[in-house]
Amino acid sequence: MRKYAIVLLCFFLFAFVINESHFTVPENFPQPVYDFSKNPLTENKILLGRTLFYEPMLSKSNTISCESCHSPFSAFTHIDHALSHGIHDSIGTRNSPALMNLAWQNFFMWDGAVNNLDMQALAPISHPAEMGSTINEVVEKLNASEKYRKLFYNAYGDNTATGENTLKAISQFMLTLVSANSKYDKVMRKELSFTDQEANGYLLFKKNCSSCHTEPLFTNGNFKNNGLPIDLVLKDIGRMKATSNPNDSLKFKVPSLRNIEYSYPYMHDGRFKKLSEVLNHYTNGIQPSNTLATQLNQGIQLSSNEKVDIIAFLLTLSDKEFVFNPKFQYPK
Amino acid sequence: MFKDSPVILHDSVYQLDNGNTIKFKTLKFYISNIQLLQNDVAVFIEQNSFYLIDVADTSSQNIFLNPKQGISFNKIKFNLGIDSTTNVSGAMGGDLDPTKGMYWTWQSGYINFKMEGTCTTPKNDFEFHLGGYQYPFNSLQKIELTTSLKTNLKIILDLNKFCKAVNFAKQKHIMSPCVDAVTLSQQLANCFSIK
């Protein structure tokens with residue numbers, strides 16, 4: 001009996017360690033909001049999800065994968081593209097967001113139209129300018145593939161792909177995309193210290209930016225109108241599209257600033273290429289409107305030197321280990 | 001049912017009271033949270049169960065409940081659609097699998113009721129995808145029917161009654177949570193009866 005108990009204990013310890021290695025809450029982070037109990041991470045499910053993330057069969061023409069617009073080296077966005085392009089060179093209407101720390105997000109997409117990470121992939125799969133397919137078509141292709149039948153079997157003990165296990169596997173991989181090893185994090189953990197310029201930038205950041213770009217995730221998860229003049233071609237009304245509520249007009253999700261160095265261009269439509277342009281918008285470009293974030297009513301006052309210091313601080317949010325993590329790259 | 005005829009998809013033509021005729025291409029909807037009550041006290045609750053009733057799939061039209069032997073009840077309650085908690089709970093399988101064609105992709109949420117087809121005069125295709133789980137467009141309906149029967153309850157959805165509530169000349173496409181989706185869902189809730 002005792003032997004049995006010890007074996008069992010070892011098993012639990014082992015399971016605990018395995019699970020921990022797949023997903024650890026960084027010590028300076030809050031508890032995640034994703035419900036892991038409904039989709040417990042396992043090595044084989046993550047591998048399946050990672051393979052699916054890089055799989056062009058997700059698109060109608062078998063040419064576009066998630067990675068096409070969310071490349072690891074750019075913190076999982078599409079650098080140099082203000083608006084991303086999908087099948088048949090179609091152009092979308094928004095800048096593809098960087099993917100990281102998704103377990104802490106309640107809403108997805110710039111307008112928050114998606115309410116759960118599991119359901120996120122349905123949107124690009126179905127969008128005519130992105131992958132132009134359907135989840136049914138994707139599942140059918142996966143079930144016809146010897147490679148995927150094996151991967152599904154290893155992950156779920158059943159070689160049949162369904163909508164549920166396909167989407168949950170993609171979530172598994174995306175949940176592992178945790179970025180918490182930037183210089184900023186190391187300073188917070190007292191392993192490194194800021195330069196004087198970075199330290200000054202951090203003070204200015206906390207004074208002027210952090211009510212929306214709140215530490216440690218560098219977003220408060222809210223939707224705000226940050227005073228961008230509306231693009232007359234795209235005419236994007238932001239969150240109002242998802243809620244039909246006029247109070248949400250021109251509001252977009254506050255993006256995390258982590259890895260901002262890698263994830264240009266900026267804003268929901270990628271209109272700014274450089275961080276200096278972003279700061280110039282906040283000091284000189286705010287358009288007044290009914291739904292403008294109250295923090296921006298007076299604009300933000302910053303001298304040129306202060307802007308340079310803030311940028312020096314923002315560059316401490318770059319997490320090289322995240323961007324080059326071999327576990328996130330194309331599975332060979 | 002449409003008047004006294006069972007609905008057959010695609011070829012069968014049904015006569016509306018205003019003289020128009022109508023054909024159905026798709027007709028499916030969710031039934032969930034079934035309860036049996038005796039004098040308004042629940043004697044049987046089937047939690048976390050969701051049934052997609054699809055006219056194209058006859059087997060989906062029979063629901064087997066398994067209450068304790070010998071309970072008495074005089075009312076059945078169920079939801080037409082999917083509750084808000086389930087709507088925000090991520091990917092699910094079985095009848096809730098997104099491959100069932102009852103989940104919106106561009107904006108999260110289940111379609112509670114889907115009816116598609118053609119109306120002859122004015123000639124147009126119609127698509128009613130009724131859903132929405134958030135205020136002010138929550139279209140979930142709670143339905144209560146009294147019954148004297150104990151086994152084999154036959155619940156009828158009278159589409160003739162529902163079609164009377166639809167202005168096919170004006171309303172052709174409802175594909176997102178909105179006021180019309182809520183109003184039509186409420187009308188739909190009145191079209192269930194026990195035979």
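Throughout, read-outs are computed from the coordinates displayed, never taken from laboratory work. What you see is a predicted model, and the numbers here were worked out from it, not measured in a lab. Counting neighbours? That spans all protein chains shown, and the Cβs are built from the backbone with ideal geometry, glycine included.
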Residues with amide H under 5 Å from that of A:PHE272, placed H, sequence gap 5 or more: A:TYR266
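Could you work out the per residue convex hull volume over the alpha carbons of the protein assembly as shown, in cubic angstrom? Display every interim value, and only then the final one.
Working: hull volume 105.0 nm³, N = 527.
Once divided by residue count, the hull of the protein assembly as shown is 199 Å³.
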Most mobile listed residue (A:THR294, A:THR166, A:THR316) in chain A, GNM with C-alpha springs under 10 Å: A:THR294
Neighbour-count order for B:TYR51, A:TYR330, A:TYR202, A:TYR153, fewest beta carbons within 10 angstrom listed first: A:TYR330, A:TYR153, B:TYR51, A:TYR202
Would you tally the net charge around A:SER37, using a Cβ to Cβ cut-off of less than 15 Å, leaving A:SER37 out, and scoring K and R as +1, D and E as -1? +1
With unit charges on the beta carbon (Lys/Arg positive, Asp/Glu negative), name the residue among B:LEU159, B:SER176, B:THR85 whose Cα is farthest towards the positive pole of the charge dipole of chain B. B:LEU159
How far apart, in nm, are the 7 Å Cα→Cβ label points at A:GLN197 and B:ASN62? 7.7 nm
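Suppose every Lys and Arg Cβ carries +1 and every Asp and Glu Cβ carries -1, with no other charges. What dipole size does the protein assembly as shown come out with about its Cα centre, to the nearest 20 debye?
Working: 50 positive and 47 negative charges, 145 e Å.
About 700 debye.
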Please report A:TRP104, A:TRP110 as a ranked list, fewest other C-beta atoms within 10 angstrom at the top and most at the bottom. A:TRP104, A:TRP110
Please report the base-10 log of the normalised intensity I(q)/I(0) for region B:5-100, using a Debye sum with one equal scatterer per alpha carbon and no solvent, at each q in 0.11, 0.16, 0.20 (1/Å). -0.48, -0.85, -1.04
Calculate how steeply helix B:179-189 sits against the longest principal axis of the alpha-carbon atoms of chain B, using the helix alpha-carbon long axis, and give the answer as 0 to 90 degrees to the nearest 10. 50 degrees
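When Lys and Arg each count +1 and Asp and Glu each count -1, what net charge do the other residues less than 13 Å away from B:ASP125, Cβ to Cβ, add up to? Before the final figure, lay out the partial values.
Numbers: positive: B:LYS23, B:LYS25, B:LYS123, B:LYS172; negative: B:GLU116, B:GLU127.
Cβ neighbours under 13 Å give a net charge of +2.
Quick one: putting +1 on the C-beta of Lys and Arg, -1 on the C-beta of Asp and Glu, what dipole do you get for chain B around its Cα centre, in Debye to the nearest 20? Numbers along the way, then the final one.
Working: 18 positive and 16 negative charges, 73 e Å.
That gives a dipole near 360 debye.
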Linear extension gain, A:LYS38 paired with A:GLN301, 0.36 nm per residue minus alpha-carbon span: 90.0 nm
Where does chain B land at 222 nm, in deg cm²/dmol rounded to the nearest 500, when only DSSP H runs of n ≥ 4 count, each adding -39500 (n - 2.57), divided by all residues? -3000 deg cm²/dmol
Whole-Hz Karplus ³J(HN,Hα) for region B:11-23, in order, using 6.51 cos²θ - 1.76 cosθ + 1.60 and θ = phi - 60°, x for Gly and Pro? 8, 5, 10, 10, 9, 7, 5, 7, x, 5, 10, 9, 10
Of the residues A:MET131, A:PHE107, A:ASN159, the Cα lying farthest along the dipole of region A:92-195 towards its positive end, which is defined by charges on the beta carbon of Lys, Arg, Asp and Glu, belongs to A:PHE107
Region A:290-332: chymotrypsin sites (Phe, Trp or Tyr not before Pro) in DSSP coil with no more than 16 other Cβ atoms inside 10 Å: A:PHE324
Using helices alone, what [θ] at 222 nm do you get for chain A, with -39,500 (n - 2.57) per DSSP H run of 4 or more residues, divided over all residues and rounded to the nearest 500? -10000 deg cm²/dmol
Taking only Cα atoms and a 10 Å spring cutoff, compute GNM fluctuations for chain B and point out the largest among B:LEU184, B:LEU140, B:LEU130. B:LEU184
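Give me the Å³ per residue figure for the convex hull around the C-alpha atoms of chain B.
Values: hull volume 24.4 nm³, N = 195.
Cα convex hull per residue, to the nearest whole number: 125 Å³.
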